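Read-outs: derived from the displayed coordinates by stated rules, not from any lab. These numbers come from a predicted model, not from an experiment. Every residue, glycine as well, gets a Cβ built from its backbone with ideal geometry; the counts of neighbours run over all protein chains shown.
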Amino acid sequence: MSDTEYSAPEPEPTPESTPPQKKKREAKPMSDKDKKALSKHMEKMKKGGMDAKEMKSHRMKVMSRMRKGMSVGAAHKDAMK
């Protein structure tokens, strides 16, 4: 035979086992009660002198925390840290 003998192809390396991916967030949709509470809170912030850009940012921060189960008050305190 020749110098290059036939050999079986090498098996492909197996990828390292990766842990199952975590869910990005444990969130629930906001209830109508939560939505009304958030609207009332935002009206209070508007009367307090928050401008439109600050209000949008604050609303998003509070909303994300409320979806995780916080109340409006707790979410506000956490967002204002």
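Counting only residues that are part of a loop (DSSP other than H, G, I, E, B) and loosely packed, with under 12 Cβ neighbours inside 10 Å, region 38-64 holds 3 of them. Counting only residues that are out of contact with any Leu (no Cβ under 9 Å at 6 or more places or on another chain) and either more than 16 Å from residue 30 (Cα to Cα) or of a type in the set (Lys, Arg) (or both), how many does region 42-75 have? Qualifying residue count for the region: 20. Please go through region 25-35 and give me each residue that is surrounded by fewer than 11 Cβ atoms within 10 Å (Cβ to Cβ) and not in a loop (DSSP other than H, G, I, E, B), ordered by number. Hits for region 25-35 are 32, 33.
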